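Have a look at the structure below, then the notes.
The values are calculated or read from the model by the stated rules, or taken from the named source; none is laboratory data. Treat the numbers as computed from the prediction; the structure is a model and nothing was measured. Methodologically, a virtual Cβ is constructed for each residue, glycine included, from the backbone with ideal geometry; neighbour enumeration extends over all protein chains shown. These accessible areas exclude ligands, DNA and RNA; they are computed on the full protein's heavy atoms, side chains included. Shrake-Rupley method; radii C 1.70, N 1.55, O 1.52, S 1.80 Å.
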Amino acid sequence: MSNLCVFDHPLIQHKLSVLRDEKTSVKEFRELISEISMLMCFEVTRNLALEEVDVQTPVAVAKCRRLAGKKLAVVPILRAGLGMVDGMVNMIPNVKVGHIGLFRDPETLEPVKYYFKMPPDIGERDVIVVDPMLATGGSASAAVTFLKEAGAKSIRLMDIIAAPEGVERMQKDHPDVDIYVAALDDHLNDHGYIVPGLGDAGDRIFGTK
Ligand code: PRP
Ligand code: URA
């Protein structure tokens, strides 16, 4: 079974409370998504391998550690996942970014793919899929399936808010994928929205409603 990690860091929880507020402006919403992504990135990358290096300071040689081994890729699910890219790219040196375009059919809630572009060596990279919302889990599950078909072997999923239904779906479809969230909410409503959630993440990031 994949692991579910819910971050309880006070800074993340504080920012999430402002993010959820219906009165939060588009500008502030965007900034908060980016800041929360940055804070979550800190924990999601905690287990990255390091290697010893000697660094000449102006005073002496310092024994230091730098990132070693496998390379990373961040993969936002368009469009709302785009809001999380800046925060990740600012934290991870030289990270490559792949894009998966999916939208939920409003009738069936099933994901429809419209774009897929990955770094050519995606099979050798540790992949972090980012999307603010894990609702039915249909989009995340499809994204991970497409990534596996493209050769990705090591995949993590990072969402800001998840519904129990989405976590269950991911654990059933992709038990090898660890899931990191800032909040596990109560349930989905009849329109597939997370309750209490924050509404439509894409619309709130891009101001399209
Ligand atoms: C939202 C969200 C996820 C998806 C989650 O995207 O960003 O990708 O819904 O729902 P699911 O778990 O039920 O699949 P949406 O389809 O609204 O597209 P958008 O990002 O373009 O707004
Ligand atoms: N997508 C969103 O943007 N919000 C939800 O609550 C569910 C899916």
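Structural remarks
- Whole-Å distance, taken between Cα centres, linking region 1-40 and region 83-109: 16
- Shape box of region 124-168 [Cα atoms, principal axes, largest first, Å]: 30, 16, 13
- Choice from ASN47, ASN90, ASN189 showing the highest fluctuation, given a GNM over the chain with Cα pairs closer than 10 Å: ASN47
- Farthest towards the positive end of the charge dipole of the chain, among the residues ALA135, ALA201, ALA60, is the Cα of ALA60, using unit charges on the Cβ of Lys, Arg, Asp and Glu.
- Taking the DSSP beta bridges with both ends in region 97-173, the antiparallel portion is around 45 percent.
- In units of the rule-of-thumb radius 2.2 N^0.38 Å, region 74-127 shows an alpha carbon radius of gyration of 1.27.
- For region 110-122, putting each phi into the Karplus relation 6.51 cos²θ - 1.76 cosθ + 1.60 with θ = phi - 60° gives couplings of 7, x, 10, 8, 10, 7, 7, 9, 10, x, x, 9, 4 Hz, in residue order, rounded to whole numbers and with x for Gly and Pro.
- Split the accessible area of the chain by element, probe 1.4 Å, and carbon with sulfur accounts for 53%.
- Given their separation in residues at 0.36 nm each and the Cα-Cα distance between them, ASP186 and VAL112 gain 24.1 nm when the chain is fully extended.
- Furthest towards positive pole of dipole, VAL18, MET38, MET91, structure part the chain, Cβ charges: MET91
- Each principal axis of the Cα cloud of region 115-209 was evaluated for its coordinate range; sorted largest first, these ranges are 38, 30, 21 Å.
- Put a plus charge on the Cβ of each Lys and Arg, a minus charge on the Cβ of each Asp and Glu, and nothing anywhere else: the dipole of region 90-209 about its Cα centre is then about 460 debye.
- Rounded to the nearest 10 square angstrom, CYS5 shows an accessible area of 50 square angstrom against a 1.4 Å probe.
- Chain lengthening between VAL18 and LEU39 when straightened (0.36 nm per residue, less Cα-Cα): 6.0 nm
- Using the Cβ-Cβ distance between ASP176 and ALA60 with R0 set to 41 Å, the FRET efficiency works out to roughly 0.35.
- Averaged per residue, the chain has 52 square angstrom of accessible surface, using a 1.4 angstrom probe with ligands and nucleic acids left out.
- Segment GLU168-ASP200, extension gain: residue separation times 0.36 nm, minus the distance between their alpha carbons: 9.4 nm
- Placing unit charges on the Cβ atoms only, positive for Lys and Arg and negative for Asp and Glu, gives region 80-125 a dipole magnitude near 140 debye about its Cα centre.
- Looking at region 76-209, the DSSP beta bridges with both ends there are about 35 percent antiparallel.
- Placing +1 on each Lys and Arg Cβ and -1 on each Asp and Glu Cβ, with no other charges, gives the chain a dipole about its Cα centre of roughly 700 debye.
- Distance-filtered residues of region 39-55 - backbone nitrogen under 15 Å, label point 7 angstrom along HIS9 Cα→Cβ: 39-48
- Spread over its residues, the convex hull of the C-alpha atoms of the chain is 136 Å³ per residue.
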